[in-house]
């Protein structure tokens, strides 16, 4: 048991290592000279050379990687190339809460939408409600997230003027304002994820509902709602947890696009702007942080299987 | 029996039809019987005879819905089961009638503790507190012969052996003291050695509580010594019914006869050829006209495929000292077997 | 899905009686909603959607009456749309379409022309014909996605198969590399790559193929492991078959079908990914049209004034992805039931 944990941790470290190396290498191939990008055109070659020295660009690739990695492990992710030349870590720490809040809010809203829909669909399997919901979710899944965002904006912001756009109120500055600005972006994310969750959970519930023990529970006189909640959801929750795990990757992508659409100061905007400017320290640091969070949440998901299915727990004595 | 009491269960011309893509499948096609209080009825038939569907329809688990049509009536202690609303029907399940399912591995929720199965039923129907429910659960487990009942409460189904799981299932069925127990092939999924134990357990519990029981099985041996009366089913209909020992001693329907003859006899000489029934049961989406057993019947006559034989009472000589009511022997055959092997009048009665 | 209702038998006459009026009314409503100026855009869109849905339902009933059994109208409509758009995309260079990317020629053309007068679906800010751009955009988007799926399926499938067959250290290594690719969320990976690569069809296709490879590796590997443990492979081995032969004759045929089913599903995923990239400005650059960057033209207030700029590529994108998803779902239901969870 301990050995397995050790091996899996080693594999985890190997993965993170490879990711960081890959990101670093990738961004070393950026066309164009960062020195030129920083100082602007029209300087003397010596000035560019001096800047390159300063940035450490003349060192061999591997030693640059080593320096960077060393910095990462001590919490120094480098400095942004583009003014304001703040620490990369600071920029990330400032942008991360926005994205996290958006993602969490989106997920929660998705669950709130998906659970009742899936239960209703599964209970009325084959009926009209089931088919309509199935068609609707299928349609939603065929829509790119930015398209859904545009539609929502067109309807709710421009036509009906209910929600604001292009602003963000930080959580610390007032929950009311924050939620008002977060609602629409989170809804966009939520609708996409809810479509996926509803389909998967519904299929899982249908399979579970066909099991003998559900019939046996009915034969004991349990009410349908009670059966659904207490007998059907737990065994079905594996798929949901797996999909929650898989959706984190998609979630990050959706968050990026939604932040761009609604011009919110989150990680997505940070990375896109930095990518467009060739600001590679920021891109490196941000991608590393995102990868870390992603890998960590996947481990968490795997760990939760033990709780949900007692059969996978180690039998005692 | 002194004065005749109203039967606990009266089933009249029950039909269950499933609407599938292949067409209408008539799983139960006109079955009638009664079960008196404290009586055990055996429902015998091969796979596809409709006996399981019958059991579930009687209980009301299968009812008219989007893809099913149920006609006929089921009167449980005077109440029309299928006339009740879904909610009222649900309230019957547990306190009035309970079911024991075939496979205890799949009829227990794998992520729920054994105790929870019991206590949730108790608390729902009997409205007792958590502590009371727990005590009753321990007591129930003890009654079905499970050692260390308090410890078992906290275990999960996969931690118990097959026989113990089935005991738990029986305990759950008995939890609210139902008056009728429907046991749907309760031993089929168990080891042979355990089967006897479970059947014995059922028998003793039924007797202690004066419960009525419908024992559904394809295993004639399970039914033989443990039921008062038996109904033999084929292709959704009853082909023979009567007191178990009479039917088994002198079957009148060719199917019953063939069934009994196909049981390997321990005292037969070695290398005796097993007598199987030729052919297969009919497709219930397109049943044949006339007698449904005719294609496979060894003593088929020309008029058998013409008209469906009705279930008619057989006229039999009364045995001395037995009330006429106990001889409700019926057969659905155009040419029932005439056999000389009757129990001689004046012989000892009782089981 | 909007699967046909197989529950109870409907007599022919009622089907026609309910189907035909529904179809006609639906089409009428949709047509009116499309052309009218009376009601505001939102209501028009809703009515249009309702009309289309009613028409489809009506068509389904009519088809049921005519063919005698329930017909999956939506699937056929999807196939029809795909045939149209793929055909148009392939034949685009030879079709009499307007100017789709020549910005210079566009200078002399009217900008933001309304659909109808001279231009089938109007022109955009640079005087380029929207209809023509939609068709050429189909060409680019689908071409990129197909190329990426091709690369990803071949590479991923082969690597997965070999990895699942030989197991051991190779398998472990492949697993680590695969997990590394998966450790970075797809869009972030694309953005990072987009920073580095030049926005040509080839590079975008390469970047997108990186998205496909891990899933293909995983699927091919899982299927290979299952098949390799089966007895007919063992039997072939016992007869002295070489590993290459085993891979080619026994394993490959069993792995190909689920992998291809996933490929169909991935096509629509990649079309969406490419559109997202172009929308963000990191993918194919204008004036070369792709549905993503056409939708991006609607940003900054343009959409409210000239909705068709956004509506045309959006509808094309949606219908194409929808149809591919439908096909993919059917393919998975047939050949890869284990993954067919959606």
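Just so it is clear, none of the values below were taken in a lab; they were calculated from the coordinates. The structure displayed is predicted, hence computed values, not measured ones. Because the Cβ atoms are built from the backbone with ideal geometry, glycine has one as well, and the counts that use them run over all protein chains shown.
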* Asked: Can you sort A:120, A:68, C:94 by how many other beta carbons sit within 10 Å, fewest first?
  -> C:94, A:120, A:68
* Structure fact -> Expected integer from the mean partner chain Cβ neighbour count at 10 Å over B:105-116 is 5
* Taking the highest mean first, how do the peptides B:72-84, B:217-229, B:88-100 order by number of other beta carbon atoms within 10 angstrom per residue? -> B:88-100, B:217-229, B:72-84
* For the range B:97-121 and the range C:261-306, write down the distance between their C-alpha centroids in whole Å. => 54 Å
* By how many degrees, 0 to 90 and rounded to 10, does the Cα axis of helix C:168-183 deviate from the longest principal axis of chain C? -> 20 degrees
* To do: May I ask you to compute the full-extension gain from residue B:46 to residue B:128, defined as 0.36 nm times their residue separation minus their alpha-carbon distance, rounded to one decimal in nm?
  => 25.3 nm
* Grab the alpha carbons of the range B:1-135, take their convex hull, and tell me the volume per residue in Å³. => 163 Å³
* Based on the inverse mean of 1/r over its pairs of different Cα atoms, what is the Kirkwood hydrodynamic radius of chain C, in Å? -> 22.8 Å
* What is the Cα centroid distance between the range C:31-95 and the range B:216-291, reported in whole angstrom? -> 60 Å
* Using only the Cα atoms, work out Rg/Rh for the range A:177-252, with Rh taken as the Kirkwood radius, to two decimals. => 1.14
* Asked: Counting only the backbone N, which residues of the range A:241-283 are under 15 Å from the spot 7 Å out from the Cα of residue A:207 toward its beta-carbon?
  -> A:241-244
* Taking the highest mean first, how do the peptides A:93-104, B:263-274 order by number of other beta carbon atoms within 10 angstrom per residue? -> A:93-104, B:263-274
* For chain B, divide the Cα radius of gyration by the Kirkwood radius and give the resulting Rg/Rh value with two decimals. => 0.98
* **Calculated over the range C:175-290: convex hull of Cα atoms, volume per residue (Å³)** => 118 Å³
* **Shape parameters for the range B:156-285, alpha-carbon atoms, Rg then Dmax in Å** => 16.9, 50
* For residue C:52 paired with residue A:13, estimate the spin-label separation in nm (one decimal), with each label point 7 Å from Cα along the Cα-to-Cβ line. => 5.5 nm
* To do: Rank-order C:316-326, A:202-212 by packing density, defined as the average count of other C-beta atoms within 10 Å over each peptide's residues, highest first.
  => C:316-326, A:202-212
* By its C-alpha gyration tensor, with a ≥ b ≥ c as the square roots of the eigenvalues, how is the range B:227-322 shaped: rounded for a/c under 1.5, else prolate for a/b larger than b/c, else oblate? -> oblate
* Among C:142, A:133, which comes first, second and so on when ranked by fewest other beta-carbon atoms within 10 Å? -> A:133, C:142
* Specify the angular offset, from 0 to 90 degrees and rounded to the nearest 10, of the alpha carbon long axis of helix B:130-143 from the longest principal axis of the alpha carbons in chain B. => 40 degrees
* Asked: Roughly how many whole Å is it from the C-alpha centroid of the range A:178-205 to that of the range C:181-258?
  -> 31 Å
* Asked: Efficiency by 1/(1 + (r/R0)^6): what FRET value for residue C:202 and residue C:18, r their Cβ-Cβ distance, R0 = 60 Å, to the nearest 0.05?
  -> 0.70
* Calculated P(r) tail over 16 Å for the range C:53-113, as whole % of Cα pairs -> 65 percent
* Asked: Rounded to the nearest 0.05, what FRET efficiency is calculated for residue C:230 and residue A:180 with R0 set to 56 Å and r the Cβ-Cβ distance?
  -> 0.45
* Roughly what angle does helix B:192-209 make with the longest principal axis of chain B, taking Cα atoms, 0 to 90 degrees, to the nearest 10? -> 80 degrees
* Take every Cα-Cα distance within the range A:99-162, group them into 10 Å bins from 0 onward, and report for each bin the whole-number percent of pairs it holds. => 19, 36, 36, 10
* Structure fact -> Looks like the range C:94-253, by Cα gyration tensor root eigenvalues a ≥ b ≥ c and the a/c under 1.5 rounded cutoff (else prolate when a/b is bigger than b/c, oblate otherwise), is prolate
* To do: Once you have a ≥ b ≥ c as the square roots of the Cα gyration tensor eigenvalues for the range B:99-152, tell me rounded if a/c is under 1.5, and otherwise prolate or oblate according to whether a/b is larger than b/c.
  => oblate
* If you take the Cα Rg of the protein assembly as shown and divide it by 2.2 N^0.38 Å, with N the number of residues, what do you get? -> 1.18
* For peptide A:292-300, how many partner chain Cβ atoms fall within 10 Å of a residue's Cβ, on average? -> 2
* Asked: Using the eigenvalues of the Cα gyration tensor, what equivalent ellipsoid semi-axes result for the range C:230-275 when each is taken as the square root of five times the eigenvalue, whole Å, largest first?
  -> 35, 9, 5
